[in-house]
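Comments concern the structure below.
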């Protein structure tokens, strides 16, 4: 991926080295497993790794009621002061993340403007170990996530090492796909899609709610493809092998692949992000078509 000459975003909030991801203090998340067995909890954590939602929300959605210490409930950041001074600003990975975020800013601002809409820029938070968001407390093990409550993307950069070594999906464009997927959730928030899904899930069964989540996640994959389409057309960012890197990452983090690895069998009714084949196909759809209308997963007869 050609990124080194790209613009750096001013919307990166570096909380690394600020102490427990920004004011967590001694608080901790307490999880009541409910109907989830030990293996089920492992599956939840692994599924959270595939970039979709805040882990506390995912645990709740999959049948494991989550209770968070009072000072860490949604909407209460628990911060007692300003985050520490940004650290590691000169390291290559943080620079890469900043460039990719800036590219998504430029792309989505143009797309929204062409649709007579305003694109509000999200923040991207770099953290180490643990972090507090408007959606609750998260540990690095759950991977990147987007929080609609504060409209921020959260990433512990160690995830990219795991993406390469644990999931077998190396490459800078695989990493860019991760960021673009999370930004896709921000686009859904701005368009009101996320709130509609939350509202609908409150009125349906768990299985139906999971199916809605799959459609939402696949749309975020498609939006990531739309970004790549426009970014390459405008700035020629793609190099040979880049698309294959993203498709390999999408394959590696499909629900079926992760469930097979974690529990030895597949339970499609518990999918929350889509199969490997679906994730690849919807990213490819956005990349090939380059228009948001092609990403209407909620009306699609075939996912």
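crowded, with 19+ Cβ neighbours inside 10 Å, in contact with a helix residue (DSSP H, G or I) (Cβ under 7 Å, 6 or more places away or on another chain) and modelled with pLDDT of 95 or more: is that true of residue 287 in this structure? When the stated conditions are applied, residue 287 passes them. Which of the following residues is in contact with a helix residue (DSSP H, G or I) (Cβ under 6 Å, 6 or more places away or on another chain) and under 30 Å from residue 117 (Cβ atoms): 178, 243, 187, 204? Just a single option satisfies the conditions, and that option is 187.
The criterion of at least 3 residues that are modelled with pLDDT of 50 or more is met by the following strands (runs of 3 or more DSSP E) wholly inside segment 62-155: 123-126, 130-133, 136-139, 145-147, 152-155. Among the conditions (1) within 23 Å of residue 239 (Cβ to Cβ); (2) without any contact (Cβ under 8 Å) to a residue 40 or more places away in the chain; (3) in a loop (DSSP other than H, G, I, E, B), residue 170 misses just one, which is (2).
A count restricted to segment 251-303 and to residues that are outside any loop (DSSP other than H, G, I, E, B) and either under 20 Å from residue 188 (Cβ atoms) or in contact (Cβ under 8 Å) with a residue 12 or more places away in the chain (or both) stands at 31. Summed over segment 181-202, the residues that are in a helix (DSSP H, G or I) and either within 17 Å of the chain's Cα centre (by Cα) or at positive phi (or both) give a count of 15. Of all residues in segment 241-284, those that are at positive phi and surrounded by fewer than 20 Cβ atoms within 10 Å (Cβ to Cβ) total 2. When the test is whether a residue is within 19 Å of residue 146 (Cβ to Cβ) and surrounded by fewer than 20 Cβ atoms within 10 Å (Cβ to Cβ), residue 201 passes it.
Only one of the listed residues (132, 151) is surrounded by 24 or more Cβ atoms within 10 Å (Cβ to Cβ) and either over 15 Å from the mean Cα position of the chain (by Cα) or at positive phi (or both). That residue is 132. Can you tell me which residues in segment 203-250 are over 15 Å from the mean Cα position of the chain (by Cα), within 22 Å of residue 299 (Cα to Cα) and assigned to a helix (DSSP H, G or I)? Of everything in segment 203-250, those that are over 15 Å from the mean Cα position of the chain (by Cα), within 22 Å of residue 299 (Cα to Cα) and assigned to a helix (DSSP H, G or I) turn out to be 206, 207, 208, 209, 210, 211, 212, 226.
The values are calculated or read from the model by the stated rules, or taken from the named source; none is laboratory data. The structure presented is a predicted model; accordingly, all values stated were derived computationally and were not measured. Note that each Cβ is placed from the backbone with ideal geometry, even for glycine, and that neighbours are counted across all protein chains shown.
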